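The values are calculated or read from the model by the stated rules, or taken from the named source; none is laboratory data. Predicted, not measured: the structure shown is a model, and the values here were computed from it. Neighbour counts run over all protein chains shown; Cβ positions are idealised from the backbone, glycine included. Accessible surface areas use protein heavy atoms only, side chains included; no ligands, DNA or RNA. Shrake-Rupley method; radii C 1.70, N 1.55, O 1.52, S 1.80 Å.
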Amino acid sequence: MNSFSLIQLHKKLVQRDFSNPLRALFFCLLIPFAWLYGAIGWIRAKLYQFQVFNSYRSSLPVLSVGNLAAGGTGKTPTVDWLVKGFQQKGKRVAVLSRGYGGTFGGRAALVSDGHRLLMTASECGDEPCLIAKQNPGLIVAIARKRVDGLRMIEELGLIDLVILDDAFQHLAVKRDVDLVLLDERLPLGNGWPLPAGNLREFSSALKRADFFMLTRAQSMRSSGQLFGKPVYTSQHRLSSTAISLQGKVLPLRECMEKKIVAFAGIANPEDFFNFLEGSGIPLFAKLALSDHVQYDAATICTLNEVSEDADLLLTTGKDAVKLRSELFSIPCYQVPLEMHVSSGESLLDNLQKCLWGEY
């Protein structure tokens, strides 16, 4: 069984599809390993809670954005939304990421110093590069150990807030606020930790959170509560414009009359394709790639072959930061995702109160 088949099988398990007897048997065989994985995470969290393991306290306010489930729950759009929201309130923000998928092997590095981009997507990872490109005045840093990155940011000065990207499980750094994202469609998957499910910890770990956000919500309803903590809802929507790899802007409606090939190397490529088709854009072909895909010569060749009779290529912003227009025989555009949050101003005000004791 190849890696793609295993990924598809795991998705079926997470979606609680046990209709195939062999699939159900495979799930049962994985349960002991899931218990072990969850128990290790629970013990680790307790060791941090009782200060057996040290946790670094930054001199700066720290907001963590993370999730319980492995895979895409919309962390990058959420971080981007928070950055823009706090900047509008006059706060100087820095984002610290692990730099997953990048080749950088040092302790810590600046992706952007707030004036210019200092690293490529292949060096720092696609998500930090995307956040930096979408927010030219933002300081973005990467560090395998977030403590190293925090200390580097502290030395820069002139920062009011550090947002930790994908850090709910990174307990080596104390945070002032934990914002945890849950995909509304399957917030806890099948309820089991890896490898039987897709949870990084037992669901009881959610008690550590301060705020929750249900992403990809069907409706923008008012906030509720989970474990006594506020719950907000959000939706991802496509921008009304597409942007070429050279920066040319194209109204998305003009894509409706063209032969479009869509491709995506994200956690849930089908979501991107569904967004496009839901916007009235018929897709001539679509190519789902692995998350954090590296666009090597073979992948580019495949894309050019699939799009030989097409007019345009459409992809995500996360993919676009790794691509150049000269790689393709036809124009390639990215379609940005926009984040819409229920009671968004209320969420920002509540976060501000927790971080600085002010509205």
- [ ] Convert 25 °C to kelvin, take the viscosity as 0.890 mPa s, use the Kirkwood radius over C-alpha pairs of the stretch 177-243 as Rh, and evaluate the Stokes-Einstein diffusion coefficient in µm²/s, rounded to a whole number.
- [x] 186
TODO: For a quick protection proxy, order the peptides 89-99, 244-254 by their average other-Cβ count within 10 Å, most packed first.
DONE: 89-99, 244-254
Open item on the list: Cut-off 10 angstrom, C-alpha nodes, Gaussian network model of the chain. Which of Arg23, Arg200, Arg57 fluctuates the most?
Closed with: Arg23
Open item on the list: If I take every Cα pair under 8 Å that is 6 or more residues apart in the stretch 236-325, average their sequence separation and divide by the length, what percent do I get for the relative contact order?
Closed with: 35
TODO: Kindly provide the helix-only [θ] at 222 nm of the chain, computed as the sum of -39,500 (n - 2.57) over DSSP H runs of four or more divided by all residues, to the nearest 500 deg cm²/dmol?
DONE: -10000 deg cm²/dmol
Open item on the list: Need the full-extension length gain, Arg144 to Lys84, defined as separation in residues times 0.36 nm minus the C-alpha distance. One decimal, nm.
Closed with: 19.1 nm
TODO: Quick one: pull the percent of accessible area on the chain belonging to carbon and sulfur, 1.4 Å probe, ligands and nucleic acids left out.
DONE: 55
Open item on the list: Per residue, how large is the accessible surface of the chain? Use a 1.4 angstrom probe and give square angstrom.
Closed with: 47
TODO: Measure out, as a whole number of angstrom, how far apart the alpha-carbon centroids of the stretch 301-352 and the stretch 199-222 sit.
DONE: 25
Task: Reachable lysines from Lys318, criterion Cα separation under 20 angstrom, eight or more residues apart if same chain - done: Lys75, Lys84, Lys133, Lys248, Lys286
Task: Relative contact order of the chain, pairs being alpha-carbon contacts under 8 Å that are 6 or more residues apart, as % - done: 18
Task: Förster-model FRET efficiency, 35 Å R0, Glu338 and Leu36, C-beta, rounded to 0.05 - done: 0.30
Task: Local electrostatic count at Ile40 - Lys and Arg +1, Asp and Glu -1, tallied over other residues with Cβ under 15 Å - done: +2
TODO: Quick one: which residues, 5+ away or cross-chain, put their amide H under 5 Å from the amide H of Tyr56? H built at 1.01 Å from N.
DONE: Val173, Lys174
Task: Surface/4 estimate of mean projected area, convex hull on alpha-carbon atoms of the chain, nm² - done: 19.0
Open item on the list: Starting from 0.36 nm per residue, how many nanometres of slack lie between Ser219 and Arg57 once their C-alpha separation is accounted for?
Closed with: 54.5 nm
Task: Glu154-Arg116 FRET efficiency (beta carbon distance; Förster radius 25 Å; 0.05 resolution) - done: 0.70
Task: Local electrostatic count at Arg144 - Lys and Arg +1, Asp and Glu -1, tallied over other residues with Cβ under 13 Å - done: +2
Open item on the list: Test of understanding: what is the full-extension gain from Arg16 to Thr103, defined as 0.36 nm times their sequence separation minus their Cα-Cα distance?
Closed with: 27.7 nm
- [ ] For Lys248 paired with Phe26, estimate the spin-label separation in nm (one decimal), with each label point 7 Å from Cα along the Cα-to-Cβ line.
- [x] 4.5
- [ ] Between beta-carbons, use under 11 Å as the cut-off and find the net charge around Arg237, counting Lys and Arg +1, Asp and Glu -1.
- [x] 0
TODO: May I ask you to work out the translational diffusion coefficient for the stretch 285-359 at 10 °C, viscosity 1.306 mPa s, via Stokes-Einstein with Rh from the Kirkwood sum over Cα pairs, reported in whole µm²/s?
DONE: 103
